[in-house]
Each structure stands twice: as structure tokens, then as C-alpha cells.
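Structure first, then comments.
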Amino acid sequence: MVVGLEQNKATIRRWYAELDKANLKALDDILSPHIVVHFPGETGPIGRDEYMKINRKFFAGFSDFQTTVLDQIGEGDKVVTRAMHSVVHTGEYEGVRPSGKRLSYSYIAIDRFEDGKVVEHWVEYDEAGLQRQLKST
């Protein structure tokens, strides 16, 4: 069981590494086609297509992604990850013109695995902190 947990943790770290490169295609190997995502601000769970739209919108507003995994805990079929994301505001995002400034925000996710792929993703991030940084640019 420990081997599976370590593989799942490594899969999550790979997910973040691929997002840092804005490589959404690599997520095909990581995320189930039927993934259920619980994302802040959504009225309920969303599917893979909606999750990818959120990522594309974020990539349009930011670049030079850098993720630092601070903690990872695994138990059973789940991995909890606490991370810090850092981005550069290089495109318009939610009506805010690009500032070129580096912004950072904390992030916690719980990911559930089946057959080596993420089938459910719960995420919470410091959206208020990110918005404060955007407004001060």
C-alpha cells in the first residue's frame, strides 16, 4: 500500500510540474476522463472540460508558473497536498490589465485515485489573497 501512496504522491507532483509548464496535454495521463472537480466559486462539482477551461483562463492571465509543494500526506486512495503557487501577471485576468508583477498564493488539494489516475479533486486556494495582489498592481 505504501508503494501505491508514494506513486500517487509522485503523480500529483508531476501534475504540478506539468501545470508549471502550461502543459495541459500531459494531464491526459494524470486525470481520469471522468474526473469530478470541486472548485471554489463553482455552484457544484464540475467535469474535466470545465476544469480545463479554468486552467486555460488562468494561463491567459499568468505565466512563469512555479509551484512549491510544502506538504503531502497520503492515506488510502487519497493524497492531500499543500503548496505555494507563484505566477507572473502577464495577461488580462478578470478585468485586471497585466502588471508584470509576480504574485503568489497558497493552495490545498485533496485528490482521490483509481487505477493510477485522479478521479476526484477538491481544491481550496487563497483567492482573496490573489485578488488583493491583483488590485494592488
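The values are calculated or read from the model by the stated rules, or taken from the named source; none is laboratory data. Keep in mind that this is a model prediction, so the values were computed, not measured. Because the Cβ atoms are built from the backbone with ideal geometry, glycine has one as well, and the counts that use them run over all protein chains shown.
How about region 47-100: which of its residues are at positive phi and touching a Ser or Thr at 6+ places or on another chain (Cβ under 7 Å)?
The answer is G100, and nothing else.
Please give the number of the condition S99 fails out of (1) loosely packed, with under 14 Cβ neighbours inside 10 Å; (2) small (G, A, S); (3) without any contact (Cβ under 8 Å) to a residue 60 or more places away in the chain; (4) farther than 20 Å from E6 by Cβ.
Unmet condition: (1).
Please specify each residue of region 68-79 satisfying the condition of being buried (at least 16 other Cβ atoms within 10 Å of the Cβ) and out of contact with any Lys or Arg (no Cβ under 9 Å at 6 or more places or on another chain).
Within region 68-79, no residue meets the criteria.
When region 35-53 is examined, which residues are found to be more than 22 Å from Y105 (Cβ to Cβ), part of a loop (DSSP other than H, G, I, E, B) and not polar (S, T, N, Q)?
Hits for region 35-53 are G44, P45, G47.
Residues of region 116-137 being farther than 22 Å from T68 by Cα and in contact (Cβ under 8 Å) with a residue 24 or more places away in the chain, which ones? Give the steps one after another, and end with the answer.
At the first step, the residues of region 116-137 found to be farther than 22 Å from T68 by Cα are 116, 119, 135-137.
G116, V119, K135, T137, listed by residue number.
Output the residues belonging to region 41-95 that are in contact (Cβ under 8 Å) with a residue 60 or more places away in the chain and under 12 Å from the mean Cα position of the chain (by Cα).
Within region 41-95, Y51, T81, A83 meet the criteria.
Considering only residues that are of a type in the set (S, T, Y) and outside any helix (DSSP H, G or I), which ones fall in region 1-34?
Listed by number, the list holds a single entry, S32.
Can you find, within region 33-61, the residue that is surrounded by the most Cβ atoms within 10 Å (Cβ to Cβ) among those that are in contact with a Pro (Cβ under 9 Å, 6 or more places away or on another chain) and of a type in the set (A, V, I, L, M, F, W, C)?
Selected residue: V37.
If you scan region 102-130, which residues turn out to be farther than 21 Å from I30 by Cα, of a type in the set (D, E) and surrounded by 15 or more Cβ atoms within 10 Å (Cβ to Cβ)?
Once the filter is applied, which keeps residues that are farther than 21 Å from I30 by Cα, of a type in the set (D, E) and surrounded by 15 or more Cβ atoms within 10 Å (Cβ to Cβ), region 102-130 yields only D126.
If you scan region 27-43, which residues turn out to be of a type in the set (G, A, S) and modelled with pLDDT of 95 or more? Even if it seems obvious, please write down each step before you answer.
Within region 27-43, the subset of a type in the set (G, A, S) is 32, 41.
Result: S32, single match.
Can you confirm whether H38 is touching a residue at least 60 places away in the same chain (Cβ under 8 Å) and within 28 Å of K135 (Cα to Cα)? Outline the logic, then answer.
Numbers: touching a residue at least 60 places away in the same chain (Cβ under 8 Å): yes; within 28 Å of K135 (Cα to Cα): yes.
Yes.
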